[in-house]
Amino acid sequence: MSNIRVGIGNDIHRLVEGRRLFLGGIEIDYEKGLIGHSDGDVVIHAIIDAILGAVGLGDIGEMFPDTDVQYKNIDSKELLRKVVGLVADKKFRIEYIDIIIQAEQPKLKSYKTQMKEILANIIGTDVQQINIKAKTNEGLDAIGTGNAIAAIAVATVVEER
């Protein structure tokens, strides 16, 4: 019998001029980027929190504190790789990731396949085990007015015995 666990993660960052925009491990062509201690990739940050929660390892802020200079401007894919390694060490397998990206702009439909490929490669799973949905906030709140982007992720993991 398998021990199946589920974790939820979310992240939000403000959009500003003068930063590059990274979502789901890729650079998106857009005039603004996300403020963050790292590269600000809210998609990967939400995935990390979901995975850590499923395995019971706390959260991204505990694991990679923004007070630690080694994480300043780090590529979030590197953080995800570290988490995937920790999960494997704890004898868990990441089975499925479901993500919602909340952004009024830019439109993300044409980027979702590439995001899934990169994320599946890092996680060590099939592309079909990653699902990405892009939603707007219909002009409401900081996301809807184009001042922020957020992501919510759910991770399903299986303990390998």
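Bear in mind these aren't lab numbers, they're just calculated from the coordinates by the rules spelled out. All values derive from a computational prediction rather than experimental measurement. Please note: Cβ atoms are built from the backbone with ideal geometry, for glycine as well, and neighbour counts cover all protein chains shown.
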Look through Lys82, Lys90, Lys72 and report the one residue that is over 22 Å from Gln129 (Cα atoms) and among the basic types (Lys, Arg).
Lys72
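What is the residue count in the stretch 1-54 for residues that are more than 16 Å from the chain's Cα centre (by Cα), more than 21 Å from Thr113 (Cβ to Cβ) and not in a strand (DSSP E or B)? Walk me through how you get there before you give the answer.
Step one: list which residues in the stretch 1-54 are more than 16 Å from the chain's Cα centre (by Cα), which gives 1-5, 15-20, 29-32.
Now narrow it down to the ones that are more than 21 Å from Thr113 (Cβ to Cβ): 1-5, 15-19, 31-32.
The next check asks that each one be not in a strand (DSSP E or B); those that pass are 1-2, 18-19, 31.
Qualifying residue count for the region: 5.
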Answer residue from the stretch 120-161, given it is closer than 20 Å to Leu15 by Cβ and of a type in the set (Val, Ile, Thr) and is nearest to the chain's Cα centre (by Cα) among those
Ile152
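Just the residues that are more than 18 Å from Asp41 (Cβ to Cβ) and polar (S, T, N, Q), please, taken from the stretch 111-136. Lay out the reasoning, then the answer.
Of the residues in the stretch 111-136, the ones more than 18 Å from Asp41 (Cβ to Cβ) are 124-129, 136.
Listed by number, the residues that qualify are Thr125, Gln128, Gln129, Thr136.
Of all residues in the stretch 4-28, which are without any contact (Cβ under 8 Å) to a residue 60 or more places away in the chain and in contact with a helix residue (DSSP H, G or I) (Cβ under 8 Å, 6 or more places away or on another chain)? Step through it out loud before you land on a result.
Restricting attention to the stretch 4-28, the residues satisfying the condition of being without any contact (Cβ under 8 Å) to a residue 60 or more places away in the chain are 16-20, 22, 27.
Within the stretch 4-28, just Phe22 meets the criteria.
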Which residue pairs have Cβ atoms under 9 Å apart, sit 6 or more places apart or on different chains, and have a first residue in the stretch 128-140 that is in contact (Cβ under 8 Å) with a residue 60 or more places away in the chain and a second that is loosely packed, with under 15 Cβ neighbours inside 10 Å?
Ile132/Thr113
